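Trainee: Below is a structure I'd like to ask you about.
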Amino acid sequence: MSEKLSASIPATPPFTRSYASGATDVPLIEQTLGDFFDAVVARQPEHEALVSVHQRRRYSYLQLQREANRLASALLGLGLVPGERVGIWSHNNAEWVLVQLATAKVGLILVNINPAYRTAEVEYALNKVDCKALVTMASFKTSDYLGMLRELAPEWLHARPGQLQSATLPHLHSVIWIDEAGQGDDQPGMLRFSDLLA
């Protein structure tokens, strides 16, 4: 590099901490969400951790950890790698919590998709952040989530689960729909949540 050019480039400022620190009487938790959750499980494995009244499900910390670990392993089994994005398009339920814990444990980035989104909005959101996988409810109230996805990607009708390809949603390769323990019709190209966990 010429002396003239190097003289015009400003010197690199010294590096600083990536977060601001305020009061330190309560220190920051220097753990990942997955590690922190595992530490809580170790302290109180049999205490109740999650109650989903509308689903009639209860999980102790140990049960929740086991299910989250199973799901984390299954997500990696789909070929997802740390740093990739997994969307969730759902209202509050046990599966939502499991997806949050599972993605955190294996370094996947969870993207929350607004349950009120319509077709054009979900298309924009999925493409904007390059979601590789999507966990979704089949439907809720007046929203037919699977119908909206099929409208965006009709070619999925003949695709194999985990190998979705679409010009409209080019990054999305896996859709996992939340079923109630095997309930509901099969969805070509899409995986049931219960099958993924199994």
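Trainee: Looking at segment 72-102 only, could you name the residues that are β-branched (V, I, T) and either open to solvent by less than 40 Å² (accessible area, probe 1.4 Å) or farther than 20 Å from H173 by Cα (or both)?
Mentor: V86, I88, V97, V99
Trainee: Being in a loop (DSSP other than H, G, I, E, B) and more than 18 Å from D130 (Cα to Cα) is the filter here; which residues of segment 94-114 pass it?
Mentor: Answer for segment 94-114, where residues must be in a loop (DSSP other than H, G, I, E, B) and more than 18 Å from D130 (Cα to Cα): there is none.
Trainee: Looking at segment 123-145, which of its residues are in a strand (DSSP E or B) and open to solvent by 60 Å² or more (accessible area, probe 1.4 Å)?
Mentor: If the condition is that a residue be in a strand (DSSP E or B) and open to solvent by 60 Å² or more (accessible area, probe 1.4 Å), then F140 is the only one that fits.
Trainee: Could you count how many residues in segment 48-91 are on the phi < 0 side of the Ramachandran plot and either assigned to a strand (DSSP E or B) or touching a strand residue (DSSP E or B) at 6+ places or on another chain (Cβ under 8 Å) (or both)?
Mentor: Number of matching residues: 24.
Trainee: If you take the residues of segment 39-71 that are among the charged types (D, E, K, R) and touching a residue at least 60 places away in the same chain (Cβ under 8 Å), which of them is surrounded by the fewest Cβ atoms within 10 Å (Cβ to Cβ)?
Mentor: R70
Trainee: Read through the list (1) among the hydrophobic types (A, V, I, L, M, F, W, C); (2) in a helix (DSSP H, G or I); (3) buried (at least 17 other Cβ atoms within 10 Å of the Cβ), then give the number of the only condition that A120 fails.
Mentor: Result: A120 fails condition (3) only.
Trainee: In segment 146-197, which residues are part of a helix (DSSP H, G or I) and in contact with a helix residue (DSSP H, G or I) (Cβ under 8 Å, 6 or more places away or on another chain)?
Mentor: M148, L149, R150, E151, L152, W156, L157, F193, L196, L197
Trainee: Also, quick follow-up: Among the residues of segment 146-198, count how many are more than 14 Å from E95 (Cβ to Cβ), among the charged types (D, E, K, R) and open to solvent by 90 Å² or more (accessible area, probe 1.4 Å).
Mentor: Count: 4.
Trainee: Could you tell me whether any residue of segment 39-55 is closer than 30 Å to G162 by Cα and of a type in the set (K, R)?
Mentor: no
The values are calculated or read from the model by the stated rules, or taken from the named source; none is laboratory data. Everything numeric in this text was worked out from a predicted model, so none of it was measured. Every residue, glycine as well, gets a Cβ built from its backbone with ideal geometry; the counts of neighbours run over all protein chains shown. Each accessible area value is taken on the protein alone, full model and side chains, heavy atoms only, with ligands, DNA and RNA left out. Shrake-Rupley method; radii C 1.70, N 1.55, O 1.52, S 1.80 Å.
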